[in-house]
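The values are calculated or read from the model by the stated rules, or taken from the named source; none is laboratory data. Since we're looking at a predicted model, the values are computed, not measured. Glycine gets a Cβ as well: all are built from the backbone with ideal geometry, and neighbour counts include every protein chain shown. Accessible surface is based on the protein model in full, side chains and every heavy atom, while ligands, DNA and RNA are left aside. Shrake-Rupley method; radii C 1.70, N 1.55, O 1.52, S 1.80 Å.
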Amino acid sequence: MKRVLHSVVPERLVPPRLSVKRRALLRAIAQSMTLFGLAFIGLLWLSLAELAGQQEKSMLRQSEQETANLSLVVEKSVQRTADNLDRILKYLRETYKIDHYTTNWARIVHEKFTIDHQAVQVAVIDQNGMLVTSSAMLHPKKPLYLGDRAHFIFQKNSKTDSLFISKPVIGRASGKQSVQFTRRFNHADGSFAGVVVISLDPGRLANSFSKLQLGSGHGFALEGNDGIIRSGSGIYGGLVGKRYVSAHSPVSKDIYGTLISDDQSNGGLRVTAERMVKGYPLKVIVTSDYAAKIAAWQATKRGYTAGAAILSLIVVLAMVASAMSRLRFETKMNYLARHDALTGLSNRFHLGEVLDDACANLDCKGNFALHLVDLDGFKLVNDAYGHPTGDALLLLAAQRLRLVLRSSDVVARLGGDEFAVIQHGIKNEGDTMQVASRICELLAEPFQLGALQIKIGASIGIAVGGVDAFTANDLLRLADMALYGAKGSGRGSYCFFSEELNAKALARGELETGLTNALQNHELVLFYQPIVSTVTGEVTSFEALLRWQHPERGLVSPLDFIPLAEETGLIIPIGEWIFEQACADLARCPEHLSVSVNCSPVQMNSLRLIASVKTALEKSGLRGDRLRIEITESTLMSENSLVVARLEELRGLGVKISIDDFGTGFSCLSYLQRYPIDCIKIDRSFVSKMASEQDSTPIVVAIVGLAKGLKMTTVAEGVETAAQLRELTDMGCTEAQGYLFSPPRPAQEILPRSDKLRDAA
Ligand code: C2E
Ligand code: MG
Ligand code: MG
């Protein structure tokens, strides 16, 4: 029946995972070195920012302080100059008064001490605005009218005696730009008589400070109470005579705070301090070039920043190097954790991850097939040629499996000779069958290992994700069931999981449970089959053959449950019981009879074997030489020194060793020399084919001859006819066993009782 593959949307059984690489990268980044490095860099830059902030604040405070101090010095200097000039004005006026209001102005003006070295000129204007005299022109050649000057108008109209400081004007007498300090003088009756004027080069008022090295953006200015600049230098040089707009608001009556302004078009940051000149309608403005200072600091700061950047870069490089080495290590560890060391294929763990992902993405990526591949006969190769040859074969098998796959598929080695293939994106059963048969074909082709040519094969169990199961565990379990089915239906083939297999597995499970209890419930019994001497025709020995008296199924053949007992390990306690029961049964038989007990490879490899044989002999009192142990060829195939030692130990107890079913195994004759063997049991298949179309007589003749040469006895198994017995006797076969003499029968029916026991009874 065709299997229908349909897309099932299962509930999300596996949480989405980050890819292994991405997780490794995240772990590498999150490692302590990276975190420490990031913290270090963060701290470094925070400290630098803090330091820079502190430094800039302190520089600014310092600059403000200096500028304010300078404004104070300038104020005092201007105040001194103004005091000096006002004193001269007052002196001129006093002289006029002392001279009874009729003084010779030209003489007084000409006097040396009236001429201040800073003054452009000293002049006197009469009440009509006409120049009386001036230090530049003591006796004017032509009348010069100055009554329109602001200072004249101011003084003429002034009711009080006050100093007037004019805006910078071009002197009509001097022809030079000047700021005029004026005071009025009166007639004896107190009426307006004129104005005394001192004209001053405006530069003189502030220039003396311009030589101070305060940077290109510095400047000094004197501003009148009308907002017009009287004198200026530096950045205020061009503002003389113009209106200055102060950005300050006064912080007290005559003291102004400092101002920080950022005028990028005029050289950047500046600090300005303004201050009223005490007692005069003048304000001092001092501006220092903060940008120049900050520029020097900026250069230092750039140095610090570059240093911090280099340090950060070094730390980042160290972090990257550490993260990279961690990543490389993680990648390597990840690889090792997910790959098989021998073949380089994925291992069971990685297969589980891939299966989980495939199960989680069934809805978007579709169904997939899990092929469980088991090599047929690999154990024999390993046993016959040793593990290095076995490993080489596994490598070649892995290479062949890779050939079958597309890049999206995954092949894994699960251990031993078991492989798994995940075939993604299957559309129908045909896709899966194609891959499975290709794997069977490829692995059935002979393997060339040096001079050796070895032929094995493969059995495959298949379960389909999205159809048979939806989780990795279930898929592996079902594929394993299918593999068991494939092996059961003849090796070298593949088998899909089916409900029928499931039922068989359940039955097997039940059998296993039943067998576990069979020993305690005394359901196991031994039947005995006689072994007869071909020379005397007398029974020499009995082979103990196990039966299970099943409460529902009746008498069960050992062929139906011994393999299961071997797989589950139950053969160990069962085997111990068999030894004890067989020895006890034979101890009651005449002394010339011995017993043959079958011993499976699992028992031979068990540490408890020798102890259990000794116990059986001791408990029963049976002589060691009355016990024969039958082992199979496969027990001897492994180059196992422990097996040799065990056989020697058994021989030491007097126990004889027979090889059962000789000729059906790998038939490597060298072990006949290597192991201590007493008897060869020729397999029933050769005996039954003697004198038939496929005559096996020459084989039997050869085996008998071989045994004779090696001083071993021979037992022909499955002798059913007298003709076979005759032929075997003629060949020199020493003993025979078969239905001709008796089938296996219960002990009480077949075992003769010793005379002693009979007599005692
Ligand atoms: P075996 O050791 O080769 O035992 C001989 C088998 O041949 C027995 O089958 C026996 O009934 C059968 N046989 C004997 N004579 C004839 C004959 O003339 N014609 C035919 N057709 N068959 C004959 P049985 O008892 O079913 O045992 C089968 C196998 O089960 C044994 O093969 C042995 O390998 C295994 N076995 C039986 N008992 C034990 C046991 O106690 N321990 C172990 N480990 N294996 C056992
Ligand atoms: Mg046997
Ligand atoms: Mg046999």
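Do we have any residue at all in the range 467-485 that's of a type in the set (F, W, Y), open to solvent by 40 Å² or more (accessible area, probe 1.4 Å) and part of a helix (DSSP H, G or I)? If you could, list the steps in order and put the result at the bottom.
Narrowing the range 467-485 to residues of a type in the set (F, W, Y): 470, 484.
Right, trim to open to solvent by 40 Å² or more (accessible area, probe 1.4 Å) and you get 470, 484.
Going one step further and asking which of them are part of a helix (DSSP H, G or I), we end up with 484.
Yes: one or more hits.
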Q) Can you tell which of C589, C583 is away from ligand 2 (no atom under 16 Å from the Cβ), assigned to a helix (DSSP H, G or I) and in contact with a Ser or Thr (Cβ under 9 Å, 6 or more places away or on another chain)? A) C583
Q | Candidate set: the range 72-91, residues that are open to solvent by less than 70 Å² (accessible area, probe 1.4 Å) and among the hydrophobic types (A, V, I, L, M, F, W, C); chosen: the one farthest from I165 (Cα to Cα) | A | L72
Q. Between a first residue in the range 284-303 that is farther than 15 Å from S71 by Cβ and a second residue that is of a type in the set (A, V, I, L, M) and open to solvent by less than 20 Å² (accessible area, probe 1.4 Å), which pairs have beta carbons less than 7 Å apart while being 6 or more apart in sequence or on different chains?
A. K301/A52
**Q.** Only one of L555, L559 that is within 12 Å of ligand 1 (Cβ to nearest atom), part of a strand (DSSP E or B) and of a type outside the set (G, A, S)
**A.** L555
Q. Among the candidates V595, V602, V525, which residue alone is of a type in the set (A, V, I, L, M), within 20 Å of S658 (Cα to Cα) and either within 10 Å of ligand 1 (Cβ to nearest atom) or open to solvent by 10 Å² or more (accessible area, probe 1.4 Å) (or both)?
A. V602
(Q) Please go through (1) modelled with pLDDT of 85 or more; (2) surrounded by fewer than 15 Cβ atoms within 10 Å (Cβ to Cβ) for Q127 and return the number of the only condition it doesn't satisfy. (A) (2)
Q) In the range 684-703, which residues are touching a helix residue (DSSP H, G or I) at 6+ places or on another chain (Cβ under 7 Å), open to solvent by less than 60 Å² (accessible area, probe 1.4 Å) and within 16 Å of ligand 3 (Cβ to nearest atom)? A) F686, V687, S696, V700
Q | Residue selected from the range 619-647 under the condition open to solvent by less than 10 Å² (accessible area, probe 1.4 Å) and either outside the structural domain of Y528 (by TED's automatic domain parsing) or within 16 Å of ligand 2 (Cβ to nearest atom) (or both), by the criterion farthest from D383 (Cα to Cα) | A | L627
Q: Would you point out the residue of the range 92-108, among those that are open to solvent by less than 70 Å² (accessible area, probe 1.4 Å) and in a helix (DSSP H, G or I), that is modelled with the lowest pLDDT?
A: I108
Q.
Residues that are part of a loop (DSSP other than H, G, I, E, B), under 27 Å from N128 (Cα atoms) and modelled with pLDDT of 85 or more: does the range 171-181 have at least one?
A. no
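When the range 609-634 is examined, which residues are found to be within 16 Å of ligand 3 (Cβ to nearest atom) and in contact with a Leu (Cβ under 9 Å, 6 or more places away or on another chain)?
Taking the range 609-634 and keeping what is within 16 Å of ligand 3 (Cβ to nearest atom), we get 628-634.
Of everything in the range 609-634, those that are within 16 Å of ligand 3 (Cβ to nearest atom) and in contact with a Leu (Cβ under 9 Å, 6 or more places away or on another chain) turn out to be I629, I631, S634.
When the residues of the range 648-683 are narrowed to those that are among the charged types (D, E, K, R) and within 16 Å of ligand 3 (Cβ to nearest atom), which ends up most open to solvent (accessible area, probe 1.4 Å)? Even if it seems obvious, please write down each step before you answer.
Step one: list which residues in the range 648-683 are among the charged types (D, E, K, R), which gives 648-649, 651, 656, 660-661, 674, 678, 681, 683.
In the following step, the residues that additionally are within 16 Å of ligand 3 (Cβ to nearest atom) were identified as 656, 660-661, 678, 681, 683.
Numbers: K656: 80, D660: 14, D661: 51, D678: 33, K681: 2, D683: 21 Å².
Within the range 648-683, the match that is most open to solvent (accessible area, probe 1.4 Å) is K656.
Run down L372, L327 and say which single residue is of a type in the set (A, V, I, L, M, F, W, C) and within 30 Å of G485 (Cα to Cα).
On the way: L327 fails: within 30 Å of G485 (Cα to Cα).
Just one listed residue meets the conditions, L372.
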Q. Which condition number does R275 fail, the rest of (1) of a type outside the set (F, W, Y); (2) touching an Asp or Glu at 6+ places or on another chain (Cβ under 8 Å); (3) open to solvent by 30 Å² or more (accessible area, probe 1.4 Å); (4) at pLDDT 85 or above being met?
A. (4)
Q) Has the range 57-79 got at least one residue that is closer than 30 Å to V320 by Cβ and under 60 Å from the mean Cα position of the chain (by Cα)? A) no
Q: Quick one: in the range 313-341, of everything that is closer than 30 Å to A420 by Cα, surrounded by 14 or more Cβ atoms within 10 Å (Cβ to Cβ) and of a type outside the set (D, E, K, R), which residue is modelled with the highest pLDDT?
A: H339
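In the same structural domain as D417 (by TED's automatic domain parsing) and either small (G, A, S) or open to solvent by 20 Å² or more (accessible area, probe 1.4 Å) (or both), is that true of D356? Break it down stepwise before answering.
Values: in the same structural domain as D417 (by TED's automatic domain parsing): yes; either small (G, A, S) or open to solvent by 20 Å² or more (accessible area, probe 1.4 Å) (or both): yes.
It is true that D356 is in the same structural domain as D417 (by TED's automatic domain parsing) and either small (G, A, S) or open to solvent by 20 Å² or more (accessible area, probe 1.4 Å) (or both).
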Q | Residue ID - farthest from G466 (Cα to Cα), chosen from residues in the range 400-433 that are within 26 Å of the chain's Cα centre (by Cα) and of a type in the set (S, T, N, Q) | A | S407
Q) Pick from R588, R626: which is over 25 Å from E566 (Cβ atoms), of a type in the set (D, E, K, R), out of contact with any strand residue (DSSP E or B) (no Cβ under 9 Å at 6 or more places or on another chain) and more than 16 Å from ligand 1 (Cβ to nearest atom)? A) R588
Q: Could you list, in sequence order, all residues of the range 66-100 that are out of contact with any strand residue (DSSP E or B) (no Cβ under 7 Å at 6 or more places or on another chain), hydroxyl-bearing (S, T, Y) and closer than 13 Å to N186 by Cα?
A: T95
Q: Output the qualifying pairs, or none if there are none: Cβ atoms under 7 angstrom, residues six or more apart or on different chains, first residue in the range 129-153 and more than 17 Å from I170 (Cβ to Cβ) and assigned by TED's automatic domain parsing to the domain that holds I198, second residue of a type in the set (D, E) and not in a loop (DSSP other than H, G, I, E, B).
A: V132/D126
Q. Which members of the range 743-754 meet the condition of being more than 15 Å from ligand 2 (Cβ to nearest atom), within 24 Å of I680 (Cα to Cα) and assigned to a loop (DSSP other than H, G, I, E, B)?
A. L751
Q. List the pairs whose first member sits in the range 598-615 and is more than 14 Å from ligand 2 (Cβ to nearest atom), whose second member is among the polar types (S, T, N, Q) and at pLDDT 90 or above, and whose Cβ atoms are under 6 Å apart, counting only residues at least 6 apart or on separate chains?
A. L609/Q603
Q | A507 being more than 13 Å from ligand 1 (Cβ to nearest atom), surrounded by 14 or more Cβ atoms within 10 Å (Cβ to Cβ) and among the hydrophobic types (A, V, I, L, M, F, W, C) | A | no
Q: Please work out which residue is nearest to ligand 3 (Cβ to nearest atom), limiting yourself to the range 536-588 and to residues that are without any contact (Cβ under 8 Å) to a residue 12 or more places away in the chain and open to solvent by less than 40 Å² (accessible area, probe 1.4 Å).
A: V556
